[in-house]
1. Quick check on the range 11-148: take the gyration tensor over C-alpha atoms, sort the square-rooted eigenvalues as a ≥ b ≥ c, and tell me if it's rounded (a/c under 1.5), prolate or oblate.
2. Taking Cα pairs under 8 Å and at least six residues apart, what relative contact order does the chain come out at, in percent?
3. By the gyration tensor of its Cα atoms, with a ≥ b ≥ c the square roots of the eigenvalues, what is the shape of the range 335-458: rounded for a/c under 1.5, prolate for a/b over b/c, or oblate?
4. In terms of the Cα gyration tensor, with a ≥ b ≥ c the square roots of its eigenvalues, is the range 109-267 rounded because a/c is under 1.5, prolate because a/b exceeds b/c, or oblate?
5. Compute the label zone of TYR244 within the range 146-172: residues whose backbone N is under 17 Å from the point 7 Å along Cα-to-Cβ.
6. Calculated FRET efficiency, SER301 and TYR449, Cβ-Cβ r, R0 45 Å, to nearest 0.05?
7. Enter the angle in degrees (range 0 to 90, nearest 10) between the Cα long axis of helix 311-328 and the first principal axis of the Cα atoms of the chain, meaning the one along which they spread out most.
8. SER490 to THR86: FRET efficiency via 1/(1 + (r/R0)^6), r the Cβ-Cβ distance, R0 30 Å, to the nearest 0.05?
Amino acid sequence: SPSNAISGWMENAKVNLRQALLLFLLLLSGWIIRLYDLDDPPLDFHPTRQLFSALKARGMYYAAHPGLLPAWQQEFALQQRHQLPTIEPEIIEHLVAWAYNLTGEALWVARLYSASFWVIGGLFLWLLVCRRFSAGAASLSLALYLFPSYAVIASRSFQPDPLMVMLLVAFWWALDRWQESPTWQRAWPAALAGGLAILVKFPALFFVYPPLFGRFFWKENRSKKRLWQTLVLALLIAVPATIYLAYGLWTGFLGQQFGGRFFPQLWFRPTTYLQWMQEANRAAGVLPIALGLLGLVLLASPRASTRSATLLTSLPALWVGYLLYGFAFTHHITTHDYYHLPLIPLVALSSAPLFDLLLAALSVPLSAPFFRWAAALVLLYALFGTLWGLRAQLKATDYRPQAAIWAEIGEKLGHRPGVIALTPDYGLSLAYWGWQPSQAWPSSADLAYSEQRSGKEKEPHVLFAELTAGKRYFLVADLADFRRQPALQSYLQSLPLFAEGEGYRIYLLQP
């Protein structure tokens, strides 16, 4: 009857309103916690990578505003921008440099961008899970994506990875819509998101093409029409990155960026897989990975809902893509935890079948008002406790004194060339806050990596003579790594000490 239809519509509207409020609360909380302590220097997470982008953005900004700095600083800022190699397109750097027009040189702008990208990716994740499972399962998957401590720290870093992750999740959502109804109208969003994800960072292709072609491993989906559309979509996705790659190779700035990344010999070392697992657990967490794999198993069970049929091909293909990604970048996947950032949304998406099953089992008691309010209070407690713990973690360390120390070192060195430095970040902190040019002395890890690539170790006295030729000062600002290089200690201990301070020493190479 009309009255029953209206009451049913109102009941659904209330449910949808609750879902929308919960979604808004999760997204807002995830965004706000990432903005806490916003102006702390970006030394909390892979400072080398973040300062790499910070120096480029600073050079872009002052190139457009030549009168804001003294002449020597202006020249140094431009010099640093052009000396640093170009790998990915400088999209995030240009966005930050443009925002500096409004804020001045404020590094917190980069955190604002990255945090916003990650949270928008969470919205696409929620929409994707809602298409195949319940809204409650979507909210739990979103929480698993937004609130792990590693995800909070990493997703506000000044690097292209948060933007890449956002575009990947948007692509998965658009691909699911297109696979459900393969029309050209639905193909364009998938082509745009997938193409931009690969353009932002080439390794994204391992999370784009496997799910795109995954359906063809299932016999019932091998139609000629679908294959033709898939091939066209694959070509459209490849266009932006192909143009950038061709331009980079033609002009030469990408010519040296593809060496030293592929180490097939590491496939046959058992320690490789232990290190891989350790880095993956650090990024995504042991329990979330286990939940994701269990959800993947549940998705393939006979009792799985027909609504999740398209994910039955896409999700296993995504996990295969992650494995291929690890084998292609074996050294980096075992040493750089941020290479596992795409694993976080993959784990959150894979956990949705398990969350859906759990909520279905709780649906009967939760239908009573008392239990519904009790469950809401428990969820609010969990959310508040998580946010408070993350706030304490972000507040624990203040990196502003470190920035001041780098500025102090730059003053003592006179902002002039002739410096070789052993620092935790190849001299980028010294360049950014100290305005001091330097040549990097290799860390112990770099020496091992070089030996791994070439198969032989360079004699220490030859290395020291080559790198210190023409230099006046030797800065040691990574005392922990300095203790791991006894040959370097033996060379420097006979030299006069020019200056020292908290965490650093400056040796005089020439009078």
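1. prolate
2. The normalised contact order for the chain reaches 14 percent.
3. oblate
4. Taking the square roots of the gyration eigenvalues as a ≥ b ≥ c, the range 109-267 is oblate.
5. Backbone N within reach: 158-171.
6. So, using R0 = 45 Å, E works out to roughly 0.55.
7. 10 degrees
8. Here the calculated transfer efficiency is 0.20.
Read-outs: derived from the displayed coordinates by stated rules, not from any lab. Only a predicted model underlies this, so the values are computations on that prediction, with no experimental measurement involved. Neighbour counts run over all protein chains shown; Cβ positions are idealised from the backbone, glycine included.
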